[in-house]
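Presented below is the structure to which this report refers.
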Amino acid sequence: MRILVVEDEPKVARFLERGLRQQAYAVDVAGDGEEGLQLAGDHDYDLIVLDVMLPGRDGFAVLRGLREMQRVTRVLMLTARDSVGDRVRGLDLGADDYLVKPFDLDEFLARVRALLRRAATEAPLVVRHADLELDPRTRRVRRGGKAIELTAKPFAILDLLLRRAGQVVSRAELAEHVWDRYFDPFSNVIDVTMHQLREKVDRGFSPRLIHTVRGVGYVLRSETGED
């Protein structure tokens, strides 16, 4: 899961980023509304954490801009003002939840999980290809009826490959979906993660499902592929 935090207070931004990363989320941070709106337009996020009191373009304006761009990403708004009017305004503009500062990190993370679960229920209940199936709500993976345990990054990659079964997914798309904007394209982290995923999904099963398309990316399909 990839999350955007739009927060102008550095201490709060670091606090949220650290808490989210400890839960294995990929996190981007924007320090003002303009940057936040630009990042939200350039990347696909699973959730946006949006402060109301931002310099320049405030959180309400950012939210309005997101919805005008037809971005339906879940939005959790943060505010230091415990005002019913603010909450009503944000919800009317398309916010999905509100949290008043100061707040406890555990409550914040619980709100994040709830919004991500809500988004997952709108996706297909179980994604399948051949004898492989993935349930995004419970984060369970099975192949041939056998349970497969995956950590966060391999799970996110498999989820994308399953939803794009038969289509080549480029390394750039994998980086965009699973890692944050500071991902180093010259590192071997994608190769390492793909190796871990193949060991879990393909070793001991037939046919192999995950194939490398050299110079392009990866594809999930039952037929023999280029490797």
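The values are calculated or read from the model by the stated rules, or taken from the named source; none is laboratory data. Predicted model only: the values in this text are computed from it and were never measured. Reconstructed Cβ throughout: ideal geometry from the backbone, glycine too, with neighbour counts over all protein chains shown.
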Practice prompt. Scan region 74-86 for residues that are among the hydroxyl-bearing types (Ser, Thr, Tyr) and either in contact (Cβ under 8 Å) with a residue 60 or more places away in the chain or surrounded by fewer than 17 Cβ atoms within 10 Å (Cβ to Cβ) (or both) and report the count.
Written response: 1
Worksheet item: Among the listed residues ARG81, ARG64, ARG71, which satisfies the condition of being in contact with a helix residue (DSSP H, G or I) (Cβ under 7 Å, 6 or more places away or on another chain), at pLDDT below 90 and not hydrophobic (A, V, I, L, M, F, W, C)?
Response: ARG71
Response to the item:
Across (1) free of Cβ contacts under 8 Å to residues at least 40 places away in the same chain; (2) touching a helix residue (DSSP H, G or I) at 6+ places or on another chain (Cβ under 7 Å); (3) of a type in the set (Val, Ile, Thr), VAL100 clears everything bar (2)
Worksheet item: Before we move on, is ALA172 surrounded by fewer than 18 Cβ atoms within 10 Å (Cβ to Cβ), in a helix (DSSP H, G or I), among the hydrophobic types (A, V, I, L, M, F, W, C) and not assigned by TED's automatic domain parsing to the domain that holds LEU47?
Response: yes
Worksheet item: Is it true that some residue in region 126-135 is farther than 30 Å from SER222 by Cα and surrounded by fewer than 17 Cβ atoms within 10 Å (Cβ to Cβ)?
Response: no
Fill in: helices (runs of 4 or more DSSP H) contained entirely in region 12-101, each with at least 3 residues that are of a type outside the set (A, V, I, L, M, F, W, C) and over 23 Å from ARG118 (Cα atoms)
33-42
